[in-house]
Amino acid sequence: MPKPEICPLCEKGTDGFPIVGEFVYGGRQEQHFYKCPHCDVAFLFPTVSEEEEAKFYAMEFEKFMQGRAGAQGGWQGPEQHVAANEGNVTRRMKYLQGSLPSKGGTVLEVGCSSGFMLLKLREMGLDVIGIEPSGVFGHYVESCGIPVYASLDEFIAKSEKNNSLDLILHFFLLEHIRHPLQFLDQCLQLLKPGGMMFFEVPSRSDPLITIYDLPAFHRFYWSVAHHWYFNRASLEYLLRQVGCRFELIPEQRYDLSNHLWWALTGKPGGSGKFSGKFTPELDEAYKESMRQTEHCDTYFVRVIKPRGLKQSIAYGEGSGS
Ligand SMILES: [Zn+2]
């Protein structure tokens with residue numbers, strides 16, 4: 001069986017990386033997620049080829065997600081996807097609202113899928129642009145009158161937007177990116193000085209793993225579509241390389257019902273199932289406990305591009321621990 005020799009993120013070696021994800025959803029038998037003892041990232045090895053990957057995102061990603069998320073995810077089509085993501089818009093706007101650019105400011109979302117975030121931001125008076133490799137979603141976003149590019153490289157080549165964007169967003173994208181540092185650097189180039197990048201990534205500190213350690217969840221969680229699973233330590237490692245001020249915000253998306261459902265049935269899709277039997281305070285307190293103890297399933301990240309033109313590297317300031 002092939003084994004990794006160096007960590008693809010920090011490029012350090014070790015005597016045998018421990019396996020944290022034995023079974024890879026959608027993957028091959030010899031693929032596993034390994035944990036790096038230096039930067040604490042979990043990484044897929046062996047990876048899929050760049051060719052296979054490009055094909056996957058152009059042709060198969062919605063189908064793959066429909067299989068994972070079931071009917072609740074809204075992956076059947078773009079309109080259903082916009083409707084199914086109303087909750088995500090509200091959840092993200094709570095953290096975004098205070099730091100949005102003023103009206104007329106330019107926002108780019110990389111991996112905008114059906115455009116549900118951009119549609120909301122356009123309603124608020126912002127100038128929005130999307131990047132989306134999926135044909136079905138990309139065409140839909142375009143049909144809503146939002147300019148769409150198939151890749152960040154295409155956008156950079158065609159748009160001449162260096163140092164001009166106010167805000168760059170990407171949600172559940174970074175874990176899919178083969179060269180995350182290069183990607184973050186490209187995004188920062190596009191931002192104007194003082195501009196912000198705001199993104200969301202799944203967290204390996206997910207309570208179903210770090211508290212309950214559920215075998216059924218492990219078989220679902222580690223996905224072949226991801227190169228990485230980050231936690232606070234590995235995100236801080238990555239963001240320190242970028243050399244900007246940043247902030248990590250712990251977030252818990254899935255609720256107590258979802259976790260009970262996993263424990264009872266070993267299956268996804270339980271969100272909200274028992275909420276009618278709980279007080280809203282219990283539901284909220286459960287999530288808040290996960291955020292505070294950082295047994296959380298997600299992180300939001302804010303990165304601010306320095307105002308100085310050639311500011312020497314200011315090392316990141318993580319919040320908390
Ligand atoms: Zn590493």
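Using the structure shown, decide if Arg302 is under 30 Å from Gln189 (Cα atoms), under 20 Å from the mean Cα position of the chain (by Cα), in a helix (DSSP H, G or I) and not hydrophobic (A, V, I, L, M, F, W, C).
No; evaluated as a whole, the condition is false for this residue.
Kindly check whether there is at least one residue in the range 275-292 that is farther than 20 Å from Leu167 by Cβ, of a type outside the set (Gly, Ala, Ser), in a loop (DSSP other than H, G, I, E, B) and touching a strand residue (DSSP E or B) at 6+ places or on another chain (Cβ under 7 Å).
Looking for residues that are farther than 20 Å from Leu167 by Cβ, of a type outside the set (Gly, Ala, Ser), in a loop (DSSP other than H, G, I, E, B) and touching a strand residue (DSSP E or B) at 6+ places or on another chain (Cβ under 7 Å), one finds none in the range 275-292, hence no.
Which pairs do you get when a residue that is within 12 Å of the ligand (Cβ to nearest atom), found in the range 226-241, comes within reach of a residue that is assigned to a helix (DSSP H, G or I) and among the aliphatic types (A, V, I, L, M), reach meaning Cβ atoms under 6 angstrom, with the pair 6+ apart or on two chains?
These pairs meet every condition: Gln241/Leu181.
With the checklist (1) buried (at least 16 other Cβ atoms within 10 Å of the Cβ); (2) away from the ligand (no atom under 16 Å from the Cβ) in hand, flag the one item Lys158 doesn't pass.
Result: Lys158 passes all but (1).
Can you say whether Gly272 is part of a loop (DSSP other than H, G, I, E, B), modelled with pLDDT of 95 or more and on the phi > 0 side of the Ramachandran plot, as far as the supplied structure shows?
Answer is yes for this residue.
Mind checking which pairs have a first residue in the range 2-14 that is more than 15 Å from Pro46 (Cα to Cα) and a second that is in a loop (DSSP other than H, G, I, E, B) and more than 10 Å from the ligand (Cβ to nearest atom), Cβ under 6 Å, 6 or more apart or different chains?
If the second residue must be in a loop (DSSP other than H, G, I, E, B) and more than 10 Å from the ligand (Cβ to nearest atom), the pairs left are Gly13/Glu5.
Here is a check on your reading of the model: is Leu108 within 26 Å of Ser234 (Cα to Cα), of a type in the set (A, V, I, L, M) and within 16 Å of the ligand (Cβ to nearest atom)?
Judged against the criteria, Leu108 is not a match.
Is it fair to say Pro180 is within 29 Å of Glu51 (Cβ to Cβ) and within 16 Å of the ligand (Cβ to nearest atom)?
It is true that Pro180 is within 29 Å of Glu51 (Cβ to Cβ) and within 16 Å of the ligand (Cβ to nearest atom).
Hey, any hits in the range 185-202 for a residue that's touching a Leu at 6+ places or on another chain (Cβ under 7 Å), surrounded by fewer than 19 Cβ atoms within 10 Å (Cβ to Cβ) and in a helix (DSSP H, G or I)?
Yes, the range 185-202 has at least one match.
For the range 60-114, enumerate the residues that are within 24 Å of Leu184 (Cα to Cα) and assigned to a helix (DSSP H, G or I).
Phe61, Asn88, Val89, Arg91, Arg92, Met93, Lys94, Tyr95, Leu96, Gln97, Gly98, Ser99
Somewhere in the range 140-161, is a residue outside any loop (DSSP other than H, G, I, E, B), under 23 Å from Lys305 (Cβ atoms) and in contact with a His (Cβ under 6 Å, 6 or more places away or on another chain)?
Taking every residue of the range 140-161 in turn, none turns out to be outside any loop (DSSP other than H, G, I, E, B), under 23 Å from Lys305 (Cβ atoms) and in contact with a His (Cβ under 6 Å, 6 or more places away or on another chain).
Looking at Lys63, Lys3, Lys12 in this structure, which one is loosely packed, with under 13 Cβ neighbours inside 10 Å and either under 23 Å from Phe171 (Cβ atoms) or away from the ligand (no atom under 16 Å from the Cβ) (or both)?
Result: Lys63 is the single residue among Lys63, Lys3, Lys12 that is loosely packed, with under 13 Cβ neighbours inside 10 Å and either under 23 Å from Phe171 (Cβ atoms) or away from the ligand (no atom under 16 Å from the Cβ) (or both).
Kindly evaluate Tyr95 against the criterion of being within 16 Å of the ligand (Cβ to nearest atom) and either in contact (Cβ under 8 Å) with a residue 24 or more places away in the chain or surrounded by 19 or more Cβ atoms within 10 Å (Cβ to Cβ) (or both).
Criteria not met by Tyr95.
Of the residues that sit in the range 123-166 and are closer than 18 Å to Leu188 by Cβ and polar (S, T, N, Q), which one is modelled with the lowest pLDDT?
Checking each candidate, the answer is Asn162.
Restricted to the range 27-47, and to residues that are within 25 Å of Gln66 (Cα to Cα) and within 16 Å of the ligand (Cβ to nearest atom), which residue is surrounded by the fewest Cβ atoms within 10 Å (Cβ to Cβ)?
The qualifying residue surrounded by the fewest Cβ atoms within 10 Å (Cβ to Cβ) is Thr47.
Does any residue of the range 18-26 turn out to be more than 16 Å from the ligand (Cβ to nearest atom) and outside any loop (DSSP other than H, G, I, E, B)?
Yes, that holds for at least one residue.
Go through (1) in contact (Cβ under 8 Å) with a residue 40 or more places away in the chain; (2) in a helix (DSSP H, G or I) and name the single condition Lys120 misses.
(1)
The values are calculated or read from the model by the stated rules, or taken from the named source; none is laboratory data. Remember, it's a predicted structure, so these values are computed and weren't measured experimentally. Here Cβ is always computed from backbone atoms with ideal geometry, including for glycine, and neighbour counts include all displayed protein chains.
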